[in-house]
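Only one structure is covered here, and it is reproduced in the block below.
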Amino acid sequence: MTALQAGQRVPLADLNLDPAVLDVQVHCTLPGTDVTAFGLQDGRLADDRYVVFYNQPASPEGALRLTGQGERTAFTLNLNALPASVTEVVLAATHDTQPVAQAGTLAVTVGGVGGSGASFDVKPHLRAEKAVMLVRFYRHGGAWRLATVAQGFDGGLDALVRHFGGEVAADSPAPASDPTPPASAAPVNLRKERQRVLLEKAAVTQPHLVNLIKTANVSLEKRGLGEALYRVNLVLDISGSMSREYRSGAVQDLAERALALAARLDDDGQVDVYLFGIKAHRAGSLSLDNARGFVDRLNVKLEAGTHYSPVMQFVREDARAAGHDLPTLVLFITDGGSSNRDAVIRQMTDSSREPIFWKFMGIDQGGVNFDFLEKLDDLRGRTVDNADFFSVPAPITTPDPQLFDLLVNELDSWQRAARTAGILR
């Protein structure tokens, strides 16, 4: 049995779990707690027949089924039998009057055949929420994954339903003499609700990032991108000349600013990180759960060269594997030009037909010639202009409002052009 941590995302195949045969058990010792499985379409509650709980114990085809209630609530899931319109399943625990954290035990176990499976202890991550998202199953690159969530809502079930874009009854019921049923509240903006949750989480787990997130939001709003949804990637140069930037903490600072943008742009507030020198490396995900000291834990081994093309190929492959369900914003940090320029130009030209925008940031340590990055910014022969370049002097002292403005510059114009060209829906 694999013990999972909060914020972890893992393919079911890596846990030796078959998405067609899953037994999920939620052990909660707080009496009166209800556990519900929400079948969602891209985070939104589009069909209430896929809300499975004590009063509706199965989805229409039986892919989601409640099989046990009480202190140990049990579900059987056949994720492969779900219609294509259901892209994720979220399990949540709610209580009408008490914080779920008052449970002595709150844990999720996901099991399969042959004793395989995973467990997640939710209890340590709770505060005073009356509704808590426990775990999430979601499609990614044609396969199912499991994500641990442990995010809650003080407002209880109503706030949770609003988070999923649903409607709840108005607070004030109609008088008994009035046969007209209560009006429904207008659906809450799902993007804003998720941003609020991430900001609340930052206040608890990474309080030093709260002002950065708010500053990033100002820059996005100025460009009309307050409702934009992007997958955020961070690509970091690990050539030998970057040694001082890693030692000084400048790269960690840049990683935190990328995360601040992701908290406003990315659906799950996470950043996929890549490294490049001569070779390319996938370096995992940066999140509000692991931000502090993230770069130091990478244990970067500097390399004697700078090749952009291999890491650009990684970014494109991973975006394609995710189905291009979201556009990708790539924050590409380097202190010099690439040694394989023809290959990079092909990457830029080919990727101009894909929903990927490249933001190149040059760190000028003196005497650096960024002519190649300037060429990429103005490269001809692309379907749309899919890149922007700017440089900052080292040591990096650019004020955060200015830096965020530079990081999102031209993103709005690319978005319009990509939609016109049919690259974005």
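Quick notes on this structure:
- Checked against (1) under 24 Å from ASP325 (Cα atoms); (2) modelled with pLDDT of 90 or more, GLY141 passes all but a single condition, namely (2).
- Residue match in segment 29-41 (condition: crowded, with 17+ Cβ neighbours inside 10 Å, of a type in the set (A, V, I, L, M) and over 23 Å from the mean Cα position of the chain (by Cα)): yes
- Helices (runs of 4 or more DSSP H) completely within segment 322-425 that count 1 or more residues being farther than 25 Å from LEU209 by Cα and open to solvent by less than 30 Å² (accessible area, probe 1.4 Å): 341-351, 371-377, 411-420
- Being open to solvent by 10 Å² or more (accessible area, probe 1.4 Å) and more than 24 Å from GLU317 (Cβ to Cβ) is a property that LEU198 has.
- Qualifying residue in segment 25-34 (condition: at pLDDT below 90, under 25 Å from LYS201 (Cβ atoms) and not in a loop (DSSP other than H, G, I, E, B)): yes
- Looking across segment 201-230, the residues that are part of a helix (DSSP H, G or I) and of a type in the set (Lys, Arg) come down to LYS201, LYS214, LYS222.
- Qualifying residue in segment 10-30 (condition: of a type in the set (D, E, K, R), without any contact (Cβ under 8 Å) to a residue 60 or more places away in the chain and touching a Ser or Thr at 6+ places or on another chain (Cβ under 7 Å)): no
- Verdict on GLY226 being farther than 29 Å from ALA321 by Cβ and surrounded by fewer than 18 Cβ atoms within 10 Å (Cβ to Cβ): no
- Residues satisfying the stated conditions in segment 1-24, i.e. among the aliphatic types (A, V, I, L, M), open to solvent by 20 Å² or more (accessible area, probe 1.4 Å) and assigned to a helix (DSSP H, G or I): ALA13
- Restricting attention to segment 57-79 and to residues that are touching a residue at least 12 places away in the same chain (Cβ under 8 Å), touching a Leu at 6+ places or on another chain (Cβ under 9 Å) and of a type in the set (A, V, I, L, M), the residue that is surrounded by the fewest Cβ atoms within 10 Å (Cβ to Cβ) turns out to be ALA74.
- Residue match in segment 59-74 (condition: under 24 Å from ASP158 (Cβ atoms), part of a loop (DSSP other than H, G, I, E, B), at pLDDT below 90 and hydroxyl-bearing (Ser, Thr, Tyr)): no
- If the condition is being under 22 Å from the mean Cα position of the chain (by Cα), in a loop (DSSP other than H, G, I, E, B) and closer than 30 Å to ASP325 by Cα, then segment 266-306 contributes ASP266, ASP267, ASP268, GLY269, GLN270, SER287, LEU288, ASP289, ASN290, ALA291, ARG292, LEU298.
- Test set (1) touching a residue at least 24 places away in the same chain (Cβ under 8 Å); (2) within 19 Å of ALA3 (Cα to Cα) - LYS123 fails condition number: (1)
- Residues considered: ALA101, ALA92. Of these, the only one that is open to solvent by less than 40 Å² (accessible area, probe 1.4 Å) and either part of a strand (DSSP E or B) or modelled with pLDDT of 95 or more (or both) is ALA92.
- When segment 42-56 is filtered for residues that are touching a residue at least 40 places away in the same chain (Cβ under 8 Å) and either open to solvent by less than 10 Å² (accessible area, probe 1.4 Å) or touching a Phe, Trp or Tyr at 6+ places or on another chain (Cβ under 7 Å) (or both), the ones remaining, listed by number, are GLY43, ARG44, LEU45.
- Every pair of residues 6+ apart whose Cβ atoms lie under 6 Å, when the first sits in segment 305-323 and is more than 19 Å from GLY336 (Cβ to Cβ) while the second is part of a loop (DSSP other than H, G, I, E, B) and open to solvent by 20 Å² or more (accessible area, probe 1.4 Å): ALA321/GLY141; ALA322/GLY141
- Any hit, segment 150-164, residues being modelled with pLDDT of 85 or more and either open to solvent by 50 Å² or more (accessible area, probe 1.4 Å) or part of a strand (DSSP E or B) (or both): yes
- Scanning segment 236-274 for residues that are within 16 Å of ILE356 (Cβ to Cβ), crowded, with 24+ Cβ neighbours inside 10 Å and touching a helix residue (DSSP H, G or I) at 6+ places or on another chain (Cβ under 6 Å) yields LEU261, VAL271.
- Among the residues of segment 291-312, those that are out of contact with any Lys or Arg (no Cβ under 9 Å at 6 or more places or on another chain), at pLDDT 95 or above and open to solvent by 20 Å² or more (accessible area, probe 1.4 Å) comprise GLY293, ASP296, ARG297, LEU298, ASN299, VAL300, LYS301, LEU302.
- Listed conditions (1) over 15 Å from ALA20 (Cα atoms); (2) surrounded by fewer than 22 Cβ atoms within 10 Å (Cβ to Cβ) are all met by VAL108, apart from (2).
The values are calculated or read from the model by the stated rules, or taken from the named source; none is laboratory data. On a predicted model such as this, the values are computed, not experimentally measured, just so you know. Don't worry about glycine lacking a Cβ; one is built from the backbone with ideal geometry, like all the others, and counts go over all protein chains shown. Surface areas here come from the heavy atoms of the whole protein model, side chains and all, with no ligands, DNA or RNA. Shrake-Rupley method; radii C 1.70, N 1.55, O 1.52, S 1.80 Å.
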